[in-house]
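The values are calculated or read from the model by the stated rules, or taken from the named source; none is laboratory data. Predicted model, so just to flag it, every value in this text is computed and none were measured. Here the Cβ positions follow ideal geometry from the backbone for every residue, glycine too, while neighbour counts run over all protein chains shown. Calculation scope for accessible area: heavy atoms of the full protein, side chains included, ligands and nucleic acids excluded. Shrake-Rupley method; radii C 1.70, N 1.55, O 1.52, S 1.80 Å.
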Amino acid sequence: EPDVTIVSGLKDMVVFEGEDVTFRCQVSHENARDVEWKLQDVALQNNEMNEISVEKGKVHTLTLRKVTEQDIGTVAFRVGAHTSTA
């Protein structure tokens, strides 16, 4: 299985309280396994507040809905041994 790397990393974002924010990270291969999103070192699940999806097979997205002051911090995307943060 080929080593999946990060082609385009996360970008820092500034948003206002109550807005949605989307982070994108492009990987080198489609159908990447061993993928994880974290906010402040807490693993995120796909639910009503966090939308995790994959666009075009390689672009992994995380949308945080209606952010609050508690959502301030580092967002991390990990695939295998590779990590990108914002």
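Per the listing VAL67, VAL75, VAL14, the residue uniquely open to solvent by 20 Å² or more (accessible area, probe 1.4 Å) and not small (Gly, Ala, Ser) is VAL14. Among the residues of the range 17-39, those that are open to solvent by less than 70 Å² (accessible area, probe 1.4 Å) and part of a loop (DSSP other than H, G, I, E, B) comprise GLY18, SER28, HIS29, ALA32.
Taking the conditions exactly as written (modelled with pLDDT of 95 or more, part of a strand (DSSP E or B) and open to solvent by 70 Å² or more (accessible area, probe 1.4 Å)), does GLU51 satisfy them or not? Yes, satisfied.
Pairing residues of the range 58-73 that are in contact (Cβ under 8 Å) with a residue 24 or more places away in the chain and closer than 30 Å to ASP3 by Cβ with residues that are in a loop (DSSP other than H, G, I, E, B) and of a type in the set (Ser, Thr, Tyr), at Cβ distances under 8 Å and at least 6 apart in sequence or on separate chains, gives LYS58/SER28. Applying the criterion of being of a type in the set (Val, Ile, Thr) and in a strand (DSSP E or B) to the residues of the range 1-16, the residue that is nearest to SER84 (Cα to Cα) is ILE6.
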